[in-house]
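Enquirer: Got a structure here, written out as structure tokens. Questions coming.
Quick note: the coordinates plus some simple rules give every number you see, no bench work behind them. Treat the numbers as computed from the prediction; the structure is a model and nothing was measured. As a convention, Cβ positions derive from the backbone with ideal geometry for all residues, glycine included, and neighbour counts pool all protein chains shown.
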Amino acid sequence: MDQFKYESLNLERLAFRLVRLQGGVGIDIECELIHATLDENGIPYEAVSYTWGSTKKTETIYIGAKRVRLDVTRNLLLILHDLRYPDRDRYLWIDAICINQDDVRERGHQVQQMKHIYSDAERVLFCVGRPTELTRVLMTSLVDLQKLTRGLNWKAEDPRWNIFWETVQGKTEDGQHDLRHKQRQALEYLLGQSWFRRVWILQEVGNAKAATVYCGRESVLARIFAIAPRLLGVEPDSHCQAVLDLIPGPSRKQLMQNEHHDLYSLLSRFSRAEAQDERDKIYALLGLCTDSEDDLTIIPDYEMAIEVVIRQTVSRMCFCDIYGITKLPYTTMAHFSAELSNLYSVVLRCLIDSGFTTSMRSSLEHCVNRFEFTIEALNYLEGKLGLLAALEIFHHLQKHVALESWSINNIKVWKQWGAGLLFRSDYDVESAQRLLDFGVDIETRDENCRTPLVLAAGWGHLEKVRLLLDSGADIEARNEDGRTPLLEAANRGRLENTRLLLDYGANIETRNKNGWTPLLEAARYNHIEVAQLLISSGVNVEIGDQYGWTPLLLAVRYNHREVAQLLLISGANIEIKDEFGRTPLRIAKEYEYLEVTQMLQSFGAISK
């Protein structure tokens, strides 16, 4: 008997084939193949979603009036027997029969039409697995539930399902506990079938406008099957649950509204899906995508190497042409899937290393709303190009992408990175000015709650301090210890920064959490010029900390003779006492500070 030979499809049109499964009850399966086009097809049909199982074609079906033989897999033959009506024909779309699997060009063409083939079908038939005695128990109960709830379309979590389910359970002869145990076993068996793992079923399920679940010849509406895990207390793994959520019904509508359906999100969510051909792990998800870019559309092509398919995919997800990159590291889907979360960083590095600045800018513009920035990636950008060049990239980016459209994380990371540059001491005023021009938060904080102004004041960067003040930085901002920029400048002896901060109106008697003032800081750390400036600016030399330590007591305690002398000349009380009742002279003698003791005595201090 002759082997069936396919008549070529017109690949310039939306052509496809349908199989007319002839009614009957015999052993032989007889079919007819009908050519049609999606835009003009007038034949209502159902699409079949199933797994091939073994790829060995050990069985035969017969095509056309001449009964030409077509070899098929054992699993497909069983499914055809399950789906065949005894007394009438049935029009189906089944990939293994309707696509010439030996013609790679036709396979690519049909894969492009797959979304429409399944969405145009009157119903999609989910053939999830072979039947057992336990599955018959489960399917019988679900069919009973379907009859009781005909016309009702509640969400899966609606508690009203439980009322009807209890009614179904009460109709059975088995004891409640035994029945529930059998039903759970059956459901766990079905959820463990390879149908739930096959990557192609994702778009077959996701594009179905109506669906029925088949287990052998027994069937139930897919939306009823999707409720079974909750009714039986079975928790599917995340992948199975994602498949159930795609089943047509209220849950899918809510899912489509709440979830992202761009290619990056789908690849992340369904990374565990299985396929015999690695390329299908990408091609099978295209029919679920809601994003599009005409110039970067992926055309399924089974003559294309997996590395090239991955490049196309990265270009699609980054919305830019990356074909000039020579170091894109992905050679297998396993590697690509495992590193997907780092995609932005990897592509950014590759673009920089390849020297394609224009492409890199294009990538940033398109990726900013689709990928999560990382500090590592931005530091790499700066390290490769230099700060000003990196800032030019972001200046270009901000002109083309509204900040309001950035993800919360991207805004946070961008500000953290930019502010991190302000915190570093090795950038000049020009760089700091560009950062402020590009929208870096001038009041951002480091891990110690310090603002850029607090740090710059302590570093002694006079022009940076002036720039930040002129840009509106809070002159009284405090770190976690309550230190203001003036306190930081006084603590480190930054004379010109102290002068500038005072000129801009800094509170000369501001205090940290311990009550220390700028003059106390200068006295403690022996910054005599800063102390002179503060005194000449009118500071009260008698103000002490929360324990009563005045500037004079601190200067004496730490053996700073010149500062102590300056304070005495400025009117400090020579007989002031600390919390233990000690005068400056007594402290100097206790610590055996001879020069300070003599200086205090020269000012009239008397031992008591």
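Enquirer: Ranked by Cβ crowding within 10 angstrom, fewest neighbours first, how are Ile117, Ile574, Ile569 ordered?
Expert: On the way: Ile117 25, Ile574 17, Ile569 11.
Listing Ile117, Ile574, Ile569 from fewest to most nearby Cβ atoms yields Ile569, Ile574, Ile117.
Enquirer: Related question: Using packing as a proxy for protection, rank 506-519, 17-30, 56-69 so that the peptide with the highest average count of other Cβ atoms within 10 Å comes first.
Expert: Values: 506-519: 19.9, 17-30: 16.2, 56-69: 13.9.
Answer by packing, highest mean first, reads 506-519, 17-30, 56-69.
Enquirer: Calculate the length of the line joining the C-alpha centroid of the stretch 101-159 to that of the stretch 79-99, in whole Å.
Expert: That distance is 14 Å.
Enquirer: Tell me, how many Å apart are the Cα centres for the stretch 1-78 and for the stretch 481-531?
Expert: 87
Enquirer: Additional query: Stokes-Einstein at 37 °C, 0.692 mPa s, Kirkwood radius from Cα pairs: D for the stretch 1-121 in µm² s⁻¹? Mind showing how you got there, number by number?
Expert: Working: Rh = 14.8 Å.
Roughly 222 µm²/s, to the nearest whole number.
Enquirer: Extending each Cα 7 Å along its Cβ direction at Lys56 and Gln601, get the distance between those two points in nm, one decimal.
Expert: Reported label-point gap for Lys56 and Gln601 is 11.1 nm.
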